[in-house]
Amino acid sequence: MFQTFVVETDPSHAAPRIVALREAMREAGIDAYLVPRADEHQGEYVPPRAERLKWLTGFTGSAGMALILLDRAILFVDGRYTLQARTQCDAELFEIADLISTPPAKWIGENGQQGWVVGIDPWLHTISEVSRLRKAAAKLDATVV
């Protein structure tokens, strides 16, 4: 698989997908859900079937993660992708944050709410990522499920 520069996303698709995700989150009792740009193998390039972040947000860069809350959404990207994220994602839906200086675990530790339930797909995160998330959540008496 090789990287191309053909734009295959449409930012307008994100709004109904975010609405559906938030409804599922409410039904499951989840306050925040983390969507990485990763598959179960943690490679830089993921197959089309695993392009969850692209499907949800429109962002096609090789490094990113979205934190979807019930009332806001944050797309974390590294410095290479700041401009790209702003053009590929709906600015009304997503705040853009720096993945390196404020990764999701740090953001949750600094901005999360007491007792939050943070949802993840354990197949898509490394053990160290989950450890950092749990440590940040513990400071807020929150849980990672």
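The values are calculated or read from the model by the stated rules, or taken from the named source; none is laboratory data. Remember, it's a predicted structure, so these values are computed and weren't measured experimentally. Every residue, glycine as well, gets a Cβ built from its backbone with ideal geometry; the counts of neighbours run over all protein chains shown. Accessible surface areas use protein heavy atoms only, side chains included; no ligands, DNA or RNA. Shrake-Rupley method; radii C 1.70, N 1.55, O 1.52, S 1.80 Å.
The table that follows gives values for the structure above.
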read-out: Accessible solvent surface per residue of segment 23-145, calculated while the other protein chains remain in place, 1.4 angstrom probe, Å²; value: 52
read-out: Distance (nanometres) between label positions extended 7 Å along Cα→Cβ at Ser131 and His13; value: 3.6
read-out: Charge dipole of segment 45-103 about the Cα centre (unit charges at C-beta), most positive-ward option of Pro48, Ile68, Pro103; value: Pro48
read-out: Principal semi-axes in Å for segment 97-145 [√(5λ), Cα gyration tensor, largest first]; value: 15, 15, 8
read-out: Value of Rg to Rh for segment 3-84 (Rh from inverse mean 1/r over Cα pairs, i.e. Kirkwood); value: 0.96
read-out: Lys, Arg +1 and Asp, Glu -1 on Cβ, resulting dipole of the chain about Cα centre, debye, nearest 20; value: 240
read-out: Full-extension gain in nm, Arg26 to Asp121, via 0.36 nm per residue minus C-alpha separation; value: 32.6 nm
read-out: With every protein chain in place, the chain: carbon and sulfur % of accessible area (1.4 Å); value: 56
read-out: Choice from Ala63, Ala15, Ala97 showing the highest fluctuation, given a GNM over the chain with Cα pairs closer than 10 Å; value: Ala15
read-out: Convex hull volume of segment 43-104 per residue (C-alpha atoms, cubic angstrom); value: 83
read-out: Heavy-atom SASA rank of Trp55, Trp116 (probe 1.4 Å, accessible area, largest first); value: Trp55, Trp116
read-out: Computed helical MRE - 222 nm, the chain, DSSP H runs ≥ 4 contributing -39500 (n - 2.57), nearest 500; value: -9500 deg cm²/dmol
read-out: The chain: Cα Rg divided by the 2.2 N^0.38 Å rule of thumb; value: 0.99
read-out: DSSP bridge pairs, the chain: antiparallel proportion in percent, nearest 5; value: 55
